[in-house]
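The block underneath contains the structure these notes are about, expressed in structure tokens.
Please treat every number below as a calculation from the coordinates, not as lab data. Computed from a prediction, not measured in an experiment: that's the story for all the values here. Note that we place each Cβ from the backbone using ideal geometry, even for glycine, and neighbour counts take in every protein chain shown.
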Amino acid sequence: MLVSISVNGEQVSREIEPRQLLVHFIRETPGLTGTHWGCDTSNCGACVVQMDGAPVKSCTILAAMCEGHEIRTVESLEVDGLLDPIQMGFHETHALQCGFCTPGMLMTTRALLDENPNPTDHEIRTAISGAICRCTGYKNIVSAVRWAAEYEASAKQEV
Amino acid sequence: MQTPAAFEYERATSVEGAIASLQRLGSEARIIAGGHSLLPMMKLRLANPEHLIDINDLTELSYIREEGDEVLIGALTRHVDLLKSEVLALHFPLFRDAENVIADPVVRNRGTIGGSLCQADAAEDLSSVCSAVKAKAVIRGADGERVVAMEDFHIGPYVTAVGDAELLTEIRLPLRPGGGSAHEKVERRAGDWAIAAASAAVWIVGGTIADVGIALSAVGPTTIHLSRAEELLRGKAPSDELFAQAGEIASTDCSPSADGRGPIDYKRHLAGVLTKRALLRAAARALPQEA
């Protein structure tokens, strides 16, 4: 079947089998391999992308189900060489080591900050409870989200 | 790599259209909504539907509203919306208790109440929640609608009253005076299935329990309705001692199996403790309305 999905604002069309999962569509068709394919069982959160602004696990969604929806992947965060504040936060607070969970963490926490610009540590931990990091522990990831929240709050004040 | 076996896919554009497709395609067709129960089962070949009918465009099935003496929930309502609903938090706070601990927030953005109930996994929380509050399921087929009480909805493990050519469209929660409810769950880690969970609802009128609903998740082949404990409580004044007795009945009347989540005696103990706790919190939430 022919499926046409908006990925990072660009319409991507491809003939696929209905059983193709969104994570594979994203990685194979536009070749956006930033979205990681992890546990395949909707447990680890490495494959999280945003669908119409909400974080979803792309290993448990059929590509065919996404036609007519806006998919955003980790590649959309950086614009013209400028990192998104959430990426800056991960950089500043050393919130990754191997980086495997990072794309999912970024898309999950970006969505959190879009909905709740000033989350508590508990709210951050709840938001990432469906994402597993096996390197850093979660403390630096929580710090990164705090860093980004504070950065965005001060940027807003300056404007 | 886990991928479902091949199937044909179509998107429903109306409830009638979805039912017509189910009728045409027969028992090898399945409805897909959030897909967070069905797709994992298809990856493991525990389910092998030949046709999937995607109902995600049927947004008319996504709502939570108070109407007359009922709260109505559309079958396509997602977990995140159940969690955030003020109507449910006001009238049936056990939904928020449960939704805070169902899977994780990202999964909750996709999974639906209809999918959870139709999956009919014994460890699934919303089945016991809906049982406790005496919900009714509205099932639509080509010949019209029928309304089924929760105790008749779950027929067995992974089997519900929804027929091959039928669609669960709505959950109805009857509103009665003096109601309070709570859901208690113990899990190994955030987002996991329950080791055991208990849902309780009480309706306290004039200081006595006019009616009560109690159901357990994860400690039997299906959701367990604790009818013996309900009978004990009806007509009595709520007390710690009474709820402890209900907990003892829960320990006896559940039928857990030993697995990675724990041995049988532990799960029986847990079912009892959680039943008592759920009843205590349900009563505490009901009583302020009484006063």
Kindly give the semi-axes, whole Å and largest first, of the ellipsoid equivalent to the range B:8-54, taking each as the square root of 5 times a Cα gyration tensor eigenvalue. 19, 12, 7
Net charge within 9 Å of B:CYS254 by Cβ-Cβ distance, Lys/Arg positive one each and Asp/Glu negative one each, not counting B:CYS254 itself? +1
Whole-number D in µm²/s for the range B:1-114 (Stokes-Einstein; Kirkwood sum over Cα pairs; 10 °C, 1.306 mPa s): 103
Sorted largest first, extent of the range B:179-290 alpha carbons per principal axis (Å): 45, 27, 22
Taking the dipole about the Cα centre of the protein assembly as shown, with the C-beta of Lys and Arg at +1 and of Asp and Glu at -1, give me whichever of A:ALA95, A:LEU62, B:ILE55 is farthest to the positive side. A:ALA95
For B:THR59, the net charge from surrounding residues (Cβ-Cβ under 15 Å; K, R +1; D, E -1) works out to -2
Among B:GLY156, B:ASN109, B:LEU126, flag the residue with its Cα farthest along the positive direction of the charge dipole of the range B:62-174, charges on Cβ as +1 for Lys/Arg and -1 for Asp/Glu. B:ASN109
Show me the helices of chain B, taken as full DSSP H stretches, that run 20 Å or more along their long axis by Cα and average -1.0 or above in Kyte-Doolittle hydropathy. B:264-290
Bins of 5 Å, starting at 0 and running to the largest distance - Cα pair percent for the range B:108-184: 3, 15, 26, 25, 17, 9, 3, 1
Per DSSP helix of 4 or more residues, -39500 (n - 2.57); summed, then divided by the residues of chain B. What does that give at 222 nm, rounded to the nearest 500? -10000 deg cm²/dmol
Determine the dipole magnitude for chain B: charges of +1 sit on the beta-carbon of Lys and Arg, -1 on that of Asp and Glu, nothing else is charged, the reference point is the Cα centre, and the result goes in debye to the nearest 20. 700
Would you mind giving the average projected area, over all directions, of the Cα convex hull of chain A in nm² with one decimal? 9.2
Taking +1 at the Cβ of each Lys and Arg and -1 at the Cβ of each Asp and Glu, which of B:MET1, A:LEU22, B:ALA182 sits farthest along the dipole of the protein assembly as shown towards its positive end, judged by Cα position relative to the Cα centre? B:ALA182
In straight Cα distance, which lysines are under 27 Å from B:LYS43, not counting same-chain residues fewer than 8 positions off? A:LYS57
What does the convex hull of the Cα atoms of the range A:65-125 come to per residue, in Å³, rounded to a whole number? 126
Can you sort A:CYS59, A:CYS135 by how many other beta carbons sit within 10 Å, fewest first? A:CYS135, A:CYS59
Taking max minus min of the Cα coordinates of the range A:2-76 on each principal axis, largest first, gives extents in Å of 29, 25, 20
What is the magnitude of the charge dipole of the range B:8-54 about its Cα centre, with +1 placed on the Cβ of each Lys and Arg, -1 on the Cβ of each Asp and Glu, and no other charges, expressed in debye to the nearest 20? 180
Could you work out the equivalent-ellipsoid semi-axes for chain B, taking the square root of 5 times each eigenvalue of the Cα gyration tensor, largest first, in whole Å? 32, 22, 16
In square nanometres, what is one fourth of the surface area of the convex hull spanned by the alpha carbons of the protein assembly as shown? 23.0
Here the averaged projected area of the range A:85-158, based on the convex hull of its alpha-carbon atoms and given in nm², is 4.3
Given a 10 angstrom Cα cut-off, can you work out which residue in A:CYS44, A:CYS98, A:CYS66 is the most mobile in a GNM of chain A? A:CYS98
Would you calculate the separation in nanometres between label points at A:HIS91 and A:THR41, each defined as 7 Å from the Cα along the Cα-to-beta-carbon direction? 3.6
For the range B:62-174, max minus min Cα coordinate along each principal axis, in Å, sorted largest first? 35, 32, 22
Summing +1 per Lys or Arg and -1 per Asp or Glu among the other residues with Cβ less than 10 Å from B:MET42's Cβ gives +4
Debye, to nearest 20: dipole size of the protein assembly as shown, +1 on Lys, Arg Cβ, -1 on Asp, Glu Cβ: 1160
